[in-house]
Amino acid sequence: MSSEALIIFFLGGVVMVGAGILASNLLAPKSSNLQKAEPYECGVPTQGTSWIQFRVGYYLFAILFLIFDVETVFIFPWAVAMKKVGLSAFIEILLFLIILGLGLLYAWKKKALKWE
Amino acid sequence: MKWLYDFSYLTRTIHEGLSERFEPGTVVILEMLLVGLTFMLLFAVLGLVLVYAERKVSAVIQQRLGPMRVGKWGTAQTLADVIKLLLKEPLINKDADRFLFNLAPFVIMIAAFMAIAALPFAKGLHAIDFDIGILYVAAVSSLGVIGILLAGWSSNNKYSLIGAMRSGAQIISYELSVALSLLTIVVLTGSLQLSVIVESQADGWWIFKGHIPAMIAFLIFLIASTAETNRGPFDLAEAESELTAGFHTEYSGLKFAFFFLAEFANMFIVAGIGATVFLGGWMPFHIGTWEGFNAVMDFIPPIVWFFGKVGFIIFLMMWFRWTFPRLRIDQLLTLEWKYLLPINLMNIVLMAFLSLMGWHF
């Protein structure tokens with residue numbers, strides 16, 4: 001099948017989850033109760049909102065990921081063409097990876113990879 | 001019986017049978033419905049079988065019996081669990097973002113459904129054969145992380161938020177290693193199309209043909225894909241001893257079941273990709289010139305080979321989960337960024353060098 005058929009897989013996911021949730025809404029018992037609507041945290045009332053600040057470390061890793069993911073996208077066409085192009089492709093990827101490796105080394109030295 | 005060895009006979013028969021009875025437009029719609037229903041059935045069966053297998057494998061490893069009461073050897077246990085979950089009240093936290101809370105299971109399941117579309121199950125049994133197969137799978141399977149972040153954020157629960165954040169950091173980090181280890185093999189195949197990759201392994205699987213770099217790549221792929229599916233020892237996104245259940249703490253009933261199903265479906269998808277790229281997909285195992293042995297191996301249908309290899313990788317992942325203790329988040333990120341990623345980059349250069357010198361089969 002051609003790639004237009006992807007729509008059927010998208011709809012498959014929607015239908016499966018939708019039908020399941022609908023059936024469960026029809027079949028399951030319902031009773032409202034203030035205690036049930038509390039966030040599930042060890043039984044004591046929760047302190048403040050749960051939409052809190054979280055550590056900046058996650059953000060650093062997100063940025064590093066962005067750099068290396070773009071790099072991976074560059075490697076995709078290179079990997080496909082590697083055999084046909086030969087030696088020049090090998091030298092070019094070597095330079096590319098050395099520059100990126102230096103970037104990783106810099107992040108490492110700057111302790112961006114350290115979690116504390 | 002020849003359709004068992006080449007599914008294009010089966011699909012052609014269905015296509016011709018439908019074309020005789022209906023208009024061309026109706027035929028396309030009917031075929032799409034048939035494909036959709038087949039994959040929904042596959043998902044349901046996968047969920048039932050894999051949950052049962054996981055419980056039995058863990059039971060064997062821990063010297064227990066596992067589920068034994070419902071049905072012969074407990075085989076109906078998962079079915080009973082689904083019915084139980086269906087009848088549970090769907091709870092929503094009073095401060096939750098209701099729209100995003102309900103959207104999250106959809107996002108996760110749609111990502112799993114779209115990723116499975118690209119898997120080649122057997123000869124001629126391939127829903128959509130993209131010419132950029134590996135890129136497509138890498139792109140779509142990483143959409144699932146959006147569902148996890150949505151679930152964690154919208155629940156308005158601190159456990160959920162911490163679980164989702166950890167999971168996000170983990171999945172995006174390990175995605176790099178999954179993609180790079182697959183690319184190590186793409187250097188040899190020269191194509192991203194999964195059917196071409198399978199065909200290129202008719203004379204031997206890449207894990208054997210690609211020498212040491214291919215084996216290193218396979219090991220990295222195993223570790224990284226276990227981490228990407230949030231399974232133990234990398235399951236700190238839902239570490240039950242500290243976070244109750246992580247990002248799906250607030251979910252109950254069937255919505256919780258969908259998160260569970262998506263986890264097992266993702267496990268099947270990464271195992272399927274690993275089997276296709278490293279272990280020859282549906283190609284049988286051949287040894288050089290052993291005619292008799294090869295003939296016996298050819299007798300086993302391709303679909304059995306594919307599911308056998310996938311089952312083997314899934315068994316390995318279950319074995320990991322019940323053997324290794326859980327990592328901390330700093331250990332997890334150290335493993336990826338200071339070990340797997342540099343090794344992977346060097347490995348891909350080594351593979352390019354091997355392919356340049358022609359030192360592979």
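Since every read-out is calculated from the coordinates, none of them should be taken as a lab result. It should be emphasised that the depicted structure is a prediction, and the values quoted were computed from it without experimental measurement. Because the Cβ atoms are built from the backbone with ideal geometry, glycine has one as well, and the counts that use them run over all protein chains shown.
List of remarks:
- Residue-level check: of (1) more than 23 Å from B:Gly144 (Cα to Cα); (2) touching a residue at least 24 places away in the same chain (Cβ under 8 Å); (3) not hydroxyl-bearing (Ser, Thr, Tyr), A:Glu71 misses just (1).
Conditions (1) under 20 Å from B:Ile171 (Cβ atoms); (2) without any contact (Cβ under 8 Å) to a residue 12 or more places away in the chain; (3) among the small types (Gly, Ala, Ser); (4) assigned to a helix (DSSP H, G or I), marked per residue:
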residue	(1), (2), (3), (4)
B:Phe293	no, yes, no, yes
B:Asp298	no, no, no, yes
B:Phe315	no, no, no, yes
B:Pro325	no, no, no, no
B:Leu333	yes, no, no, yes
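- Conditions (1) facing chain A (nearest Cβ under 8 Å); (2) within 24 Å of B:Ala224 (Cα to Cα): number failed by B:Ser177: (1)
- Residue match in the range B:51-60 (condition: more than 18 Å from B:Ala265 (Cβ to Cβ) and more than 25 Å from the chain's Cα centre (by Cα)): no
- Residue in the range B:300-320 that is over 30 Å from B:Leu125 (Cα atoms) and not β-branched (Val, Ile, Thr) present: yes
- In the range B:262-297, the residue that is surrounded by the fewest Cβ atoms within 10 Å (Cβ to Cβ) out of those that are among the polar types (S, T, N, Q) and over 26 Å from B:Ile132 (Cβ atoms) is B:Thr289.
- Candidates B:Gly246, B:Gly204, B:Gly210, filtered to the one that is surrounded by fewer than 19 Cβ atoms within 10 Å (Cβ to Cβ) and of a type outside the set (A, V, I, L, M): B:Gly204
- If the condition is being surrounded by 22 or more Cβ atoms within 10 Å (Cβ to Cβ) and more than 8 Å from chain A (Cβ to nearest Cβ), then the range B:95-106 contributes only B:Ala104.
- Of the residues making up the range A:105-112, none is at the interface with chain B (Cβ under 7 Å from one of its Cβ atoms), at positive phi and not in a helix (DSSP H, G or I).
- Failed item, numbered, when B:Gly147 is tested on (1) surrounded by fewer than 23 Cβ atoms within 10 Å (Cβ to Cβ); (2) of a type in the set (Gly, Ala, Ser); (3) within 22 Å of A:Pro39 (Cβ to Cβ): (1)
- Checked across the range B:210-219, the condition of being within 13 Å of chain A (Cβ to nearest Cβ), under 20 Å from the mean Cα position of the chain (by Cα) and more than 18 Å from B:Gly133 (Cα to Cα) holds for at least one residue.
- The conditions of being free of Cβ contacts under 8 Å to residues at least 60 places away in the same chain, part of a loop (DSSP other than H, G, I, E, B) and of a type in the set (A, V, I, L, M) are not met by A:Val17.
- Residue within the range B:220-239 that is surrounded by fewer than 23 Cβ atoms within 10 Å (Cβ to Cβ), under 20 Å from B:Gly280 (Cα atoms) and of a type outside the set (A, V, I, L, M) present: no
- Selection over the range B:85-94 of residues that are under 13 Å from B:Asn156 (Cα atoms) and surrounded by fewer than 16 Cβ atoms within 10 Å (Cβ to Cβ) gives a count of 1.
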